[in-house]
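Below you'll find the structure, written out as structure tokens, and then a few comments.
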Amino acid sequence: MNDEKDKIEKRMQNMKKFYIKAGELIDNLPDAVPKKTREMLKDTILGDKELKQLMDGIDTHRPPRIFLIGRTGVGKSSLINALCGAYVAGVSDTKSCTENAQVYQCKDGDRVLMEILDTRGIAESESLNTNISAEDMLIEEVNHFSPDVAILMLNCTHRDDVNTDVEFLKKVAKNYADTNNLRLPIVVVVNKCDEMAPSRFKTPNEYPANKVTKINEVVQYYKGIIIKNGLKIDDIVAVSSLIDWQTPDGIEVSVEDIDNLPVHDIENLEIAFDGRYKIEELLDILEEAIQDFEAQMGLRMAARLTEVVHRFARHLNKIFSGLAGTVALTPIPVSDIYVLLIIQALLVSLIASLSGRDISLDTAKEFIFSMGGLAGVGYTLRLVAQQGAKFLNAIWPGSGSAVSATVAALGTSAIGKAAISYYIDGKTIEEAKKKFEESKNEK
Ligand SMILES: Nc1nc2c(ncn2[C@@H]2O[C@H](COP(=O)(O)OP(=O)(O)OP(=O)(O)O)[C@@H](O)[C@H]2O)c(=O)[nH]1
Ligand SMILES: [Mg+2]
């Protein structure tokens, strides 16, 4: 939907505006903040390459090109839907299609989310031409497509012979490396985890331990074969792409019937049941594997608004927790505690801006204080400096007179998660606080 695209762009621009303003905000901090500290803050936040790339990418991104290889019915199309969190119609691009491979764009309305080279795997393909083998044709096709990442899809419940596809991928990877002077990132996805016994458990956080154990065994089995065959992969992950769809008026439709619906209904399909397992993890793996920043950003943007906003918020949280940890590498004395506080306040403000709200640094600080039960105290920076130890103990009990890198990173990540639940998920402040309490004790 166009609407959706506008909204995503608007939220991103909103966040970027706040980021650009950060330097000015730091300059305008009360005089109690020493100049040295301000400089340190500016260097840390504005000097961070990853954060800068993220912000720059908002204006320059392109749909990632994904080379999908897997047998008919393994769930290639379903995986794309799962990654996008939407039913995306594949639009064929006729210029380079053979019987074994198909290039298409995944679209949500007129927004191109991804470009896919879809193949059924060499094991299933037949030579179409006596002069040139199916394999050579496919390799040619892949090179022409120039993927950002290759995904080999396997089935969790029946252990297919993967040797042929692994051998083929090795050739593709070699060819790709020779042509592009770049390594082709390869991610292996073991799909249909939900069908692993006991298969009646379809809700991801209700998978019993024995199901998870069996899933992991399959992953180890495939991993063994791949390693034995000498294929270098970036990662392997077991997922479920299961989504049941319904029309906006709540009528559930089976995947087989979707194509018979009017275009308007297809474009507006909603999730009736979300059985997606470890898809977020896969997205993180793909983000890491894709080397091109514009494509990386395109992957982040390839979803419905709520998912895009979450993805960005999580990414911001990761960056800022890292920054807080770095700052605290030399343990921060109490008097410098506002460095951490400002880093966190900026994080909270950026997360709020993603939710479509503009909040001041002061509001962000109030939010942070309220996590430690200091709401309404009206803490100023000067007060924080004076009462640093009290503040520290309220937020991270036992942190004593200095904050270690781990505590700073964990505490910041916990604040970020609380901010996501309050500003983005619309939870109450009590629920956000609960999230904070849970998160700060995580490993
Ligand atoms: N339970 C379950 N069903 C799945 C999953 N992924 C796909 N399916 C179902 O498996 C069937 C085949 O899925 P597709 O996504 O069409 O498979 P494909 O690999 O694109 O198949 P081709 O396009 O024919 O090569 C469909 O009925 C999907 O609904 C999954 O993770 N769990
Ligand atoms: Mg398909």
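The values are calculated or read from the model by the stated rules, or taken from the named source; none is laboratory data. Computed from a predicted structure; not experimentally measured. Neighbour counts are summed over all protein chains in view; Cβ atoms, including those assigned to glycine, are modelled from backbone coordinates with ideal geometry. Quick note on the areas: whole protein, heavy atoms, side chains included, nothing else; ligands and nucleic acids left out. Shrake-Rupley method; radii C 1.70, N 1.55, O 1.52, S 1.80 Å.
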For the stretch 240-279, give me the residue count where each residue is more than 16 Å from ligand 2 (Cβ to nearest atom) and part of a strand (DSSP E or B).
11
Kindly check whether there is at least one residue in the stretch 1-8 that is farther than 17 Å from I351 by Cα, open to solvent by 80 Å² or more (accessible area, probe 1.4 Å), of a type outside the set (D, E, K, R) and more than 24 Å from the chain's Cα centre (by Cα).
no
Determine whether the stretch 255-266 contains at least one residue that is in contact with a Gly (Cβ under 8 Å, 6 or more places away or on another chain) and touching a residue at least 60 places away in the same chain (Cβ under 8 Å).
no
Which condition number in (1) under 19 Å from H310 (Cα atoms); (2) modelled with pLDDT under 90; (3) open to solvent by 70 Å² or more (accessible area, probe 1.4 Å); (4) of a type in the set (D, E) is the one that D108 fails?
(3)
Test: residue in the stretch 323-336 that is crowded, with 21+ Cβ neighbours inside 10 Å, in the same structural domain as D31 (by TED's automatic domain parsing), in a strand (DSSP E or B) and not polar (S, T, N, Q)
yes
Of the residues in the stretch 177-208 that are among the aliphatic types (A, V, I, L, M) and farther than 13 Å from V149 by Cβ, the one that is surrounded by the fewest Cβ atoms within 10 Å (Cβ to Cβ) is A197
